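Beneath this line is the structure, given in structure tokens, with notes to follow.
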Amino acid sequence: MRRPALSMVFSVAFGLLPQMIMAQSDPHMHGATGHDEINMPGLRGRDATVQESREMEVMFKGFTTLTREVENLPNGIRTVTGSTDPEVMAALVSHVVGMTARVEEGRDPQVFVQSPTLNIFFARTGAIETEIEVTEEGIVVVQTSDDPEIVAALHVHAGEVSDMAERGMMAVHERMMGQ
Ligand code: HEM
């Protein structure tokens, strides 16, 4: 049973390779300058800054410090995400603020390991109301929508974030292999 699993890992890795090489040779690509500090290349994106990729790297490397609660609302989600590590917490806050702004403006970062669940958010700009508050327990995010397909995607995405917070990159690799 090890063999098929291994070949799937390789096909995911090689599937990403052409995109990464293209990104590195693309002068408009901000996330891959060749001398940045991103050691997890899958976190680069066609429109992601080095800082954005670095923040995701900090969260993945420090995922064991993350805490998370999710409440599925009839019209959206309420989540509380925290970290016991101040550096991870700072990366998380910046990530959430930056990514929800991107969603509002329809600016898809096209990160290589990005979940396709996010596509509908970037396609339907203005469909989500977002409220963010940083508290002692963590960053509280309330997102609501009148669009039932967006609400369904919010529920799915909140579950994907919980999976990443619980299992780090393993969650991403398994999701990509399942596609
Ligand atoms: C350990 C990894 C990660 C953590 C802990 C994390 C955390 C979060 C949190 C807390 C939110 C707010 C929504 C919610 O609470 O469900 C969020 C939103 C978002 N994240 Fe991440 N994230 C991670 C990885 C990624 C990756 C790899 C991407 C790829 C681009 C990404 C893109 C986004 C986007 C676009 C949003 C905004 C979605 C919306 O407005 O509904 N995240 N993330």
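Please treat every number below as a calculation from the coordinates, not as lab data. Bear in mind the structure is a predicted one, so any value in this text is a computation, not a measurement. We place every Cβ from the backbone using ideal geometry, glycine too, and count neighbours over all the protein chains shown.
Summary of computed values
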read-out	value
Order of HIS95, HIS155 - criterion: other Cβ atoms within 10 Å of each residue's Cβ, fewest first	HIS155, HIS95
Sorted peptide list for 42-48, 134-140, criterion being average Cβ within 10 angstrom, highest first	42-48, 134-140
³J(HN,Hα) computed for each position of the range 105-119 - Karplus, 6.51 cos²θ - 1.76 cosθ + 1.60, integer Hz, glycine/proline x	9, x, 9, 6, x, 6, 5, 4, 8, 4, 6, x, 4, 6, 3
Simple label model, 7 Å out from Cα along Cβ direction - ASN75 to GLU105, nm	2.7
Amide H partners (placed H, <5 Å) of SER83, local residues excluded	THR67
Cα-based Kirkwood hydrodynamic radius, the range 111-179, one decimal, Å	13.4
Inter-probe distance in nm under a simple model that places probes 7 Å from Cα toward Cβ, at THR135 and GLU166	2.2
